[in-house]
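Working notes, structure below.
The values are calculated or read from the model by the stated rules, or taken from the named source; none is laboratory data. Predicted model, so just to flag it, every value in this text is computed and none were measured. Cβ: placed from backbone, ideal geometry, glycine included. Neighbour counts: every protein chain shown. We work out accessible area using only protein heavy atoms, side chains counted, and drop any ligands, DNA or RNA first. Shrake-Rupley method; radii C 1.70, N 1.55, O 1.52, S 1.80 Å.
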Amino acid sequence: MFKIYNLIFSIIFIFSCSKDEKSPGEDLLSQDNEDAVLALKVHNDARKEVGVEILEWSNELSKDAKAYAEILAKNNNGLIHSKNIEREGQGENLYYAWNSSEKIENPLNDGSVAWYNEIKDYEYAEIGSSLNEGKVIGHYTQMVWNSTKYLGMGSAISSDGKVYVVARYNPPGNYIGQFPY
């Protein structure tokens, strides 16, 4: 009798431990998606540098980002931001890469590093300040925007081999007259 109860308890325990109790971004990050893990780390390291909370991965934002990356790859006309109405409540960073001789292994990470590298041109000031006039810094400031909590990214390859990368952020940032952090 003891063995039967023990067997039933073991089966119940195993079943209850296998329930899906994942955080919003755990699916993508737990599927050996090294590129997404690296990209999230670049974002969160940048955020730690300026003392803001780290981002959580969002599979929902990733789906939106992937869908828009596929549109960019299909049109293959360069980097054109989606309309605000098409991504209400989401900030957006865009990147693309092309290499004629080899596959691009980590496009999400590569895009994140490129956006982070805008830090070299950024002077701490509110968005729209003359201190940063004419400088490309908006990708970096979106990465470290204080109120942003979630990140999702996606990529797609065009017919000629360009890799388009889209990052989506919620809540969005880069509001004129506000400081990023």
Of those in segment 152-173 that are of a type in the set (S, T, N, Q) and open to solvent by less than 50 Å² (accessible area, probe 1.4 Å), the residue nearest to the chain's Cα centre (by Cα) is SER155
Taking segment 53-74 only, how many residues are assigned to a helix (DSSP H, G or I), farther than 15 Å from ALA167 by Cβ and open to solvent by 90 Å² or more (accessible area, probe 1.4 Å)?
1
What are the pairs with Cβ atoms under 6 angstrom where one residue, in segment 113-126, is under 13 Å from GLN142 (Cα atoms) and part of a loop (DSSP other than H, G, I, E, B) and the other, located anywhere, is open to solvent by 60 Å² or more (accessible area, probe 1.4 Å) and at pLDDT 95 or above? Sequence gap at least six, or different chains.
GLU126/GLN178; GLU126/PHE179
Taking first residues from segment 85-106 that are under 22 Å from TYR175 (Cβ atoms) and second residues anywhere that are modelled with pLDDT of 90 or more and among the aromatic types (Phe, Trp, Tyr), the pairs with Cβ under 6 Å that are 6 or more apart or on different chains are GLY91/TYR169; ASN93/TRP115
Residue check: is ASP110 over 15 Å from ARG47 (Cα atoms) and either within 18 Å of the chain's Cα centre (by Cα) or surrounded by fewer than 12 Cβ atoms within 10 Å (Cβ to Cβ) (or both)?
yes
Quick check on segment 124-141: of everything there that is of a type outside the set (Gly, Ala, Ser) and over 24 Å from the mean Cα position of the chain (by Cα), which residue is surrounded by the most Cβ atoms within 10 Å (Cβ to Cβ)?
ASN132
Can you pull out every residue in segment 75-102 that is open to solvent by 50 Å² or more (accessible area, probe 1.4 Å) and assigned to a helix (DSSP H, G or I)?
ASN75, ASN84, ILE85, GLU86
